Amino acid sequence: MSPHGTRRVAALIGLGAAAYTAWVLEVVLSTGLNPIETYVSELAAQDQPLGGLFRATDFTAGLLAFVGGLFALLRLRAHAASRRPWAVVGWAGVTLFGAATAADAWLPLSCTPTVDPECAARETAGLVPATHQAHAISSSLAMTGALVGIVALTVAARRYGWWAPLARYGPVLVALELLATVWTLGAIALFTAGRGTWALGAGQRLQVLFVAVWLGLLAHSVHEERRT
């Protein structure tokens with residue numbers, strides 16, 4: 001990618017990473033939700049007083065990541081020498097993550113199933129709005145895209161000799177992200193089976209935190225490569 005192109009990608013991905021950590025505001029804002037037990041997406045539920053704020057930050061993060069990933073793909077297409085399979089797959093994953101995250105903001109939960117038994121019962125009975133199912137799909141696509149991007153671009157950094165900071169620290173973040181994902185999926189399965197939350201919120205918050213940290217590392221790595 002040209003220096004001008006990499007500067008844009010680094011800025012977009014870096015800003016997207018910052019916006020994706022907006023949920024940490026729950027530390028200083030009164031949300032009424034326990035971060036150890038609740039879904040991150042419940043912060044943006046329609047019945048939450050600060051839901052609009054968190055939906056706006058989710059949309060911003062997704063849009064920035066989508067545009068950054070798409071721009072990187074377009075630059076790869078224009079420069080055949082940089083068109084390596086792992087890079088193409090990785091940036092496609094980042095683009096998918098961004099698009100699905102932005103869609104999440106338009107498909108919020110109507111209530112908070114982990115803390116509201118009535119909401120959980122309605123969800124189990126299929127009596128909640130269709131946005132609940134759509135949200136589950138878009139969230140799954142977002143995390144799938146993030147995982148593809150994290151793994152593929154980390155491999156690309158090491159295999160092609162690109163992005164020294166990502167090549168050095170990326171594998172650690174890949175391992176942490178995979179562990180957090182296993183924790184989150186296991187806790188969701190247990191919650192769905194009616195066996196409690198199993199610190200679902202803590203696992204999912206680590207999951208999205210590692211995605212944000214990796215995106216920040218990617219942005220820094222792309223920026224540093226442009227400078228050198």
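Looking across THR228, THR124, THR144, one residue alone is modelled with pLDDT of 95 or more, polar (S, T, N, Q) and either open to solvent by 70 Å² or more (accessible area, probe 1.4 Å) or under 20 Å from the mean Cα position of the chain (by Cα) (or both). It is THR144. The set of residues in segment 170-212 that are within 18 Å of the chain's Cα centre (by Cα) and open to solvent by 70 Å² or more (accessible area, probe 1.4 Å) comprises VAL172, LEU178, LEU179, VAL182, TRP183, LEU185.
Taking each residue of segment 99-119 that is over 24 Å from THR144 (Cβ atoms) and without any contact (Cβ under 8 Å) to a residue 12 or more places away in the chain and looking for partners that are open to solvent by 20 Å² or more (accessible area, probe 1.4 Å) and not aromatic (Phe, Trp, Tyr) with beta-carbon atoms closer than 8 Å, six or more apart or interchain, yields CYS119/SER110; CYS119/VAL128. Looking at LEU43, LEU73, can you tell me which residue is free of Cβ contacts under 8 Å to residues at least 60 places away in the same chain, out of contact with any Lys or Arg (no Cβ under 6 Å at 6 or more places or on another chain) and within 30 Å of ALA157 (Cβ to Cβ)? Just one listed residue meets the conditions, LEU73. If we scan segment 70-93, do we find a residue that is part of a helix (DSSP H, G or I), of a type outside the set (Asp, Glu), within 26 Å of GLY186 (Cβ to Cβ) and out of contact with any Leu (no Cβ under 6 Å at 6 or more places or on another chain)? Yes, the conditions are met somewhere in segment 70-93.
The values are calculated or read from the model by the stated rules, or taken from the named source; none is laboratory data. No experiment lies behind these values; they were computed from the predicted model shown. Cβ atoms come from the backbone with ideal geometry, glycine included; neighbour counts cover every protein chain shown. Heavy atoms of the whole protein, side chains included, go into the accessibility calculation; ligands, DNA and RNA do not. Shrake-Rupley method; radii C 1.70, N 1.55, O 1.52, S 1.80 Å.
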